[in-house]
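Asker: First the structure, which I've put down as structure tokens, then a few questions once you've had a look.
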Number of protein chains: 2
Amino acid sequence: MELVNYIKSHISLTDEDVLFINSHTQKEFYHKGDIIRAPHTKSQKIHYIHKGYARNFYEKNGKDITYFFLKDNSFTLPVDAVYFNAPTKYGLQAEEDLQLTSFKYSDLLLMLERIPRMAHLYELEMAKFIKQLSDKYYLIQFQSAQDRYNSMMEKYPDILLHVSLGHVASYLGITQETLSRIRTK
Amino acid sequence: MELVNYIKSHISLTDEDVLFINSHTQKEFYHKGDIIRAPHTKSQKIHYIHKGYARNFYEKNGKDITYFFLKDNSFTLPVDAVYFNAPTKYGLQAEEDLQLTSFKYSDLLLMLERIPRMAHLYELEMAKFIKQLSDKYYLIQFQSAQDRYNSMMEKYPDILLHVSLGHVASYLGITQETLSRIRTK
DNA sequence: GATATTTTTTGACCTAAATCAAAAAGTGAG
DNA sequence: CTCACTTTTTGATTTAGGTCAAAAAATATC
């Protein structure tokens, strides 16, 4: 769903609002494997996934670790860069061909100023992200590799069809070999 | 620091604003071990810690697990209850004698309506929480028990002085025995 | 369509940390 | 001050899952 339609599914927008939003956001296209945002940058951009799968990732001890998978109709922004003026640890990569809409945080502020009712939507998006983080934390903490995989199968079966095993393994906090063994149970 | 002073450290408030805030919030006192919010309730309350240490916790397979430690000048609200109308998994307990200020989410909305400049502060508090969660996640993921303890010693040495070993162990995602062994290294 | 590259699976081995159990130390109440 | 209870430490044993290595399968490239 396009960004404007997503917003309209929560609040009503006038035609002028839509024009304003369109003039403050950019549609972008990426190919599988493309890096949309590199780690260690101070990017101020918010990305809305219109179609396709992506992932947030970071590097640790030379290893590439998946932080989150993103699917259509979801947002991602580098909290450390936007709110704490630090280079973000988290990069963004296309898992497959991807359509998205991007805008700078400063443009979000302009849009919120013009369309104050959007503020609640933004608040809700932040809450969603907190819930996602909490749920994932809950999933990992004191849970066996098998249980983690089961939970993922139950909650996000679709993701498994769109991304590589290695990405899923690091997302679940286990090695690729362990995940492979679990799958052939 | 009292709530009003905390807010004043970010934005200016008129005397009337202060009165309005005071009439929409409640000061509370708890003793060590008191449960401030039980898990599995749909509490709509936000708590601001004025003085003392507290912890968020949840139960899993009969085990009590610390989710987060809270110290003075920090907020906590049950995101799942407030934003998703679900019973929250997370309880809140005093680690020691505690002074706090509580208010319902609906009162926050009233305060935001009257003092719109507070909205940015609230947004920042959500961002802080996201950062905290992310950092903790980063700390746990693929990190040895020893490394986790070291990070904690570095980042929150004060907390270790105020809470029991068992609470710290579950916070770090390790058993109490392992933590004890690490400490006597 | 053959070759190169990446991804996934399989195997053997090893280690960090869990589990179970019990002793020791610390804290509190009457 | 003593008895009860809680928290922390120590010990012995087990195991899930990591590591290293190489084969097999899948995918991409020319």
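Asker: Looking for whichever is farther than 22 Å from residue A:143 by Cβ and either open to solvent by 30 Å² or more (accessible area, probe 1.4 Å) or touching a strand residue (DSSP E or B) at 6+ places or on another chain (Cβ under 8 Å) (or both) here; the options are B:41, B:66. Which one fits?
Answerer: Only one candidate qualifies: B:41.
Asker: Out of A:171, A:149, A:137, report the one residue that is open to solvent by less than 20 Å² (accessible area, probe 1.4 Å) and either over 17 Å from the mean Cα position of the chain (by Cα) or at positive phi (or both).
Answerer: A:149
Asker: Condition check: at pLDDT 95 or above, in a strand (DSSP E or B) and polar (S, T, N, Q). Does residue B:43 satisfy that?
Answerer: no
Asker: If you don't mind, there's one more thing I want to ask. Being open to solvent by less than 70 Å² (accessible area, probe 1.4 Å) and β-branched (Val, Ile, Thr): is that true of residue B:178 here?
Answerer: yes
Asker: Among the residues of region B:107-130, are any within 16 Å of DNA strand D (Cβ to nearest atom) and of a type outside the set (Lys, Arg)?
Answerer: So far as region B:107-130 goes, no, none of its residues is within 16 Å of DNA strand D (Cβ to nearest atom) and of a type outside the set (Lys, Arg).
Asker: What about residue A:66, is it touching a His at 6+ places or on another chain (Cβ under 9 Å) and at pLDDT 95 or above?
Answerer: In short, yes.
Asker: Conditions: (1) more than 29 Å from residue A:162 (Cα to Cα); (2) open to solvent by 70 Å² or more (accessible area, probe 1.4 Å); (3) assigned to a loop (DSSP other than H, G, I, E, B). Residue A:10 meets all but one. Number of the miss?
Answerer: Answer for residue A:10: the failing condition is (1).
Asker: Please go through region A:143-156 and give me each residue that is within 11 Å of DNA strand D (Cβ to nearest atom) and either under 16 Å from residue A:96 (Cβ atoms) or among the acidic types (Asp, Glu) (or both), ordered by number.
Answerer: A:147
Asker: Still on this structure, I have one more. Check whether at least one residue in region A:49-61 is closer than 18 Å to residue A:121 by Cα and surrounded by 13 or more Cβ atoms within 10 Å (Cβ to Cβ), and report yes or no.
Answerer: Yes: region A:49-61 contains one or more residues that are closer than 18 Å to residue A:121 by Cα and surrounded by 13 or more Cβ atoms within 10 Å (Cβ to Cβ).
Asker: Does region B:116-130 include one or more residues that are surrounded by fewer than 15 Cβ atoms within 10 Å (Cβ to Cβ), within 14 Å of chain A (Cβ to nearest Cβ), at pLDDT 95 or above and closer than 30 Å to residue A:169 by Cα?
Answerer: For region B:116-130, residues surrounded by fewer than 15 Cβ atoms within 10 Å (Cβ to Cβ), within 14 Å of chain A (Cβ to nearest Cβ), at pLDDT 95 or above and closer than 30 Å to residue A:169 by Cα: absent.
Asker: Find the helices (runs of 4 or more DSSP H) located wholly in region B:114-185 whose residues include 2 or more that are touching a residue at least 24 places away in the same chain (Cβ under 8 Å) and more than 12 Å from DNA strand C (Cβ to nearest atom), and list them.
Answerer: Result: B:118-140, B:157-160, B:165-172.
Asker: Would you mind stating whether residue B:83 is within 11 Å of chain A (Cβ to nearest Cβ), part of a helix (DSSP H, G or I), surrounded by fewer than 19 Cβ atoms within 10 Å (Cβ to Cβ) and within 15 Å of the chain's Cα centre (by Cα)?
Answerer: No, not satisfied.
Asker: Could you go through region B:84-94 and let me know if any residue there is more than 16 Å from DNA strand D (Cβ to nearest atom) and free of Cβ contacts under 8 Å to residues at least 12 places away in the same chain.
Answerer: yes
Asker: Hey, can you tell me all the residues within region A:13-33 that are assigned to a loop (DSSP other than H, G, I, E, B) and loosely packed, with under 15 Cβ neighbours inside 10 Å?
Answerer: A:14, A:31, A:32, A:33
So that you can scan it fast, the table gives a plain yes or no per residue for (1) more than 8 Å from DNA strand D (Cβ to nearest atom); (2) within 14 Å of chain A (Cβ to nearest Cβ); (3) within 23 Å of residue A:58 (Cβ to Cβ):
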site: B:141; (1), (2), (3): yes, yes, yes
site: B:158; (1), (2), (3): yes, no, no
site: B:173; (1), (2), (3): yes, yes, yes
site: B:181; (1), (2), (3): no, no, no
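Asker: If you don't mind, another one. When region B:65-79 is examined, which residues are found to be within 12 Å of chain A (Cβ to nearest Cβ) and in a loop (DSSP other than H, G, I, E, B)?
Answerer: Those that are within 12 Å of chain A (Cβ to nearest Cβ) and in a loop (DSSP other than H, G, I, E, B): B:77, B:78.
The values are calculated or read from the model by the stated rules, or taken from the named source; none is laboratory data. Every value quoted in this text rests on a predicted model; they were computed, and no experiment measured them. With ideal geometry, Cβ positions are generated from the backbone for all residues, glycine too; neighbour counts draw on all protein chains shown. Just so you know, the surface numbers come from the protein's heavy atoms only, side chains and all, with ligands and any DNA or RNA stripped out. Shrake-Rupley method; radii C 1.70, N 1.55, O 1.52, S 1.80 Å.
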